[in-house]
Ligand SMILES: NC(=O)C1=CN([C@@H]2O[C@H](COP(=O)(O)OP(=O)(O)OC[C@H]3O[C@@H](n4cnc5c(N)ncnc54)[C@H](O)[C@@H]3O)[C@@H](O)[C@H]2O)C=CC1
Ligand SMILES: O=C(O)/C=C/C=C(\O)C(=O)O
């Protein structure tokens, strides 16, 4: 058992706040108590927002871009210097394998500061010369200023990665932030406060208030009039609630929401690569990646082979503790989420799906029995209209359907309210480009999955989000672009 207490981080100091409320943080691997988390209410949110507003007028607000860039590099280096602590904390909160978090979550936590420091140092602004009747003309130029205090609401699936994906560009652009990490995963965000202080980031620039969504820190933060804009990653329904809160005061939002992402496997694919990629896109992080595949469409001539090989891959997955290097799948985030996913496992059976593999709770050793485990699961045989094919499950599962024609599969892939990501597997590059252009989603991978270039636009179409982040696209949200027009 661990006894980690998660305090708020407000104005450069750790504090229990005044609400006196705490909740338990439990490890999804075995249900053991990690420690208590302090719950922030209105007062804690008020204090954090005040600190963030004050910091905009302090040394942070006056800092040169070069100084800010150097500071963000120090933050990134601080995460790397404490790599093992971040890794330990992330795996304790999420139960994910250390082999995964050490390759993705923690390095990306550091990279998210460096990438946006580089963007802000190098990005130009526009300039236009306007001819005027007097012949002298006028010079226009753009100026970017920080938006102000950014409210950051982050999820539990990739806690450090997704929180820093927002905090990195927000700070690079000169804003201050108040972060409300997911109640399920408070540890790495809390630890980041120490790194900020060690890097010399002025007090009030980075603030953390723990708590839940409704009637708790999340709602109080998004409703707070002192918050100028809100960035959120999570469920579409929560995005809707946050957007309503943001409407008061006409505050800007950037949302990365749910998905029901398709993978399309053509008969001319490199089958080894398609299997390897789909194994990752379905089962990585126990299926808790918004970019993950839940609908797989396979061209009929290779359907049976694909199903058999994905099944064999799933049979080879090893579930267990994060520190076991042979383990490649952890538990779901919580018992509550386990119930949600198991609900879909039951629904699929009730609807008459063929369960190729899985569909239940695995038989785990005694010391893991209280964890949030589910079996990696594959179905076939359901229609495109079933709830299993339409709703985001967020677990280690997919449904595989055969298709016959390119046009048909594009229409079926697009038949969803979501539009976050897709993967196309083909060795015919003309087809790859052609199909990618027709899938209505924010990112389409051809012959890969989760290959991320952080300079590119990232976000979703339809109900998968609003806005784009990544590279210079993040500036659209985290800065105000103003124009100065000088009459010559
Ligand atoms: N990356 C993604 O796309 C994610 C998707 N999900 C999906 O969402 C489902 C529900 O999981 P949750 O953890 O409940 O996700 P959620 O979207 O409700 O929670 C994400 C964050 O929003 C906060 N929040 C919730 N309600 C809020 C409100 N009214 N105002 C302000 N903040 C609020 C939460 O405290 C948390 O920090 C999952 O089963 C999964 O399907 C969950 C996490 C990440
Ligand atoms: O690479 C990224 O920036 C994000 C990856 C994953 C998500 O956004 C998610 O699972 O929510």
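The values are calculated or read from the model by the stated rules, or taken from the named source; none is laboratory data. Here the structure is a predicted model, which is why all the values come from computation and not from measurement. Glycine also receives a Cβ, built like all others from the backbone with ideal geometry; neighbour counts cover every protein chain displayed.
Which residues, taken from the stretch 316-341, are part of a helix (DSSP H, G or I) and crowded, with 19+ Cβ neighbours inside 10 Å? Once the filter is applied, which keeps residues that are part of a helix (DSSP H, G or I) and crowded, with 19+ Cβ neighbours inside 10 Å, the stretch 316-341 yields 337, 338, 341.
Here 123, 177 are screened, and the one residue that is assigned by TED's automatic domain parsing to the domain that holds residue 239 and away from ligand 1 (no atom under 16 Å from the Cβ) is 123. Scoring residue 483 on the criteria (1) under 28 Å from residue 241 (Cα atoms); (2) surrounded by fewer than 14 Cβ atoms within 10 Å (Cβ to Cβ) leaves a single failure, condition (1). Quick check on residue 105: is it crowded, with 21+ Cβ neighbours inside 10 Å and either under 23 Å from residue 13 (Cα atoms) or in the same structural domain as residue 373 (by TED's automatic domain parsing) (or both)? So residue 105 does not fit the description; no. The number of residues in the stretch 109-157 that are under 25 Å from residue 180 (Cβ atoms), in a loop (DSSP other than H, G, I, E, B) and in contact with a strand residue (DSSP E or B) (Cβ under 9 Å, 6 or more places away or on another chain) comes to 5.
The residues listed here are 423, 436; of these, the one that is surrounded by 24 or more Cβ atoms within 10 Å (Cβ to Cβ) and in contact with a strand residue (DSSP E or B) (Cβ under 7 Å, 6 or more places away or on another chain) is 423.
Output the residues belonging to the stretch 449-471 that are surrounded by fewer than 17 Cβ atoms within 10 Å (Cβ to Cβ) and in contact with a helix residue (DSSP H, G or I) (Cβ under 6 Å, 6 or more places away or on another chain). Result: 457, single match. Going by the structure shown, is residue 222 farther than 29 Å from residue 29 by Cβ and surrounded by 24 or more Cβ atoms within 10 Å (Cβ to Cβ)? Criteria met by residue 222. Taking strands (runs of 3 or more DSSP E) as the structural unit, those lying wholly within the stretch 216-294 and holding at least 1 residues that are within 10 Å of ligand 1 (Cβ to nearest atom) correspond to 229-233, 252-256.
Figure legend. Inter-residue proximity from the stretch 412-424: first residues more than 18 Å from residue 466 (Cα to Cα), second residues part of a loop (DSSP other than H, G, I, E, B) and within 16 Å of ligand 1 (Cβ to nearest atom), beta-carbon distance below 7 Å, spacing 6+ or different chains. Indicated pairs: 423/449. Residues in the stretch 170-177: is at least one part of a helix (DSSP H, G or I) and within 24 Å of residue 258 (Cα to Cα)? Among the residues of the stretch 170-177, at least one is part of a helix (DSSP H, G or I) and within 24 Å of residue 258 (Cα to Cα), which makes the answer yes.
No other residue among 233, 222 is touching a residue at least 60 places away in the same chain (Cβ under 8 Å), more than 16 Å from ligand 2 (Cβ to nearest atom), within 21 Å of residue 474 (Cα to Cα) and not assigned by TED's automatic domain parsing to the domain that holds residue 419 apart from 222.
Yes or no: residue 168 crowded, with 24+ Cβ neighbours inside 10 Å, within 10 Å of ligand 1 (Cβ to nearest atom) and touching a residue at least 12 places away in the same chain (Cβ under 8 Å)?
Values: crowded, with 24+ Cβ neighbours inside 10 Å: yes; within 10 Å of ligand 1 (Cβ to nearest atom): no; touching a residue at least 12 places away in the same chain (Cβ under 8 Å): yes.
So residue 168 fails the test.
Kindly provide the set of residues from the stretch 157-183 that are touching a helix residue (DSSP H, G or I) at 6+ places or on another chain (Cβ under 7 Å) and either within 10 Å of ligand 2 (Cβ to nearest atom) or closer than 21 Å to residue 26 by Cβ (or both), ordered by number. Write out each step before concluding.
To start, the set of residues in the stretch 157-183 that are touching a helix residue (DSSP H, G or I) at 6+ places or on another chain (Cβ under 7 Å) comprises 157-161, 163-165, 168-182.
Result: 157, 158, 159, 160, 161, 163, 164, 165, 180, 181, 182.
Residues in the stretch 346-364 that are part of a loop (DSSP other than H, G, I, E, B) and closer than 17 Å to residue 335 by Cα: 359, 360, 361, 362, 363, 364.
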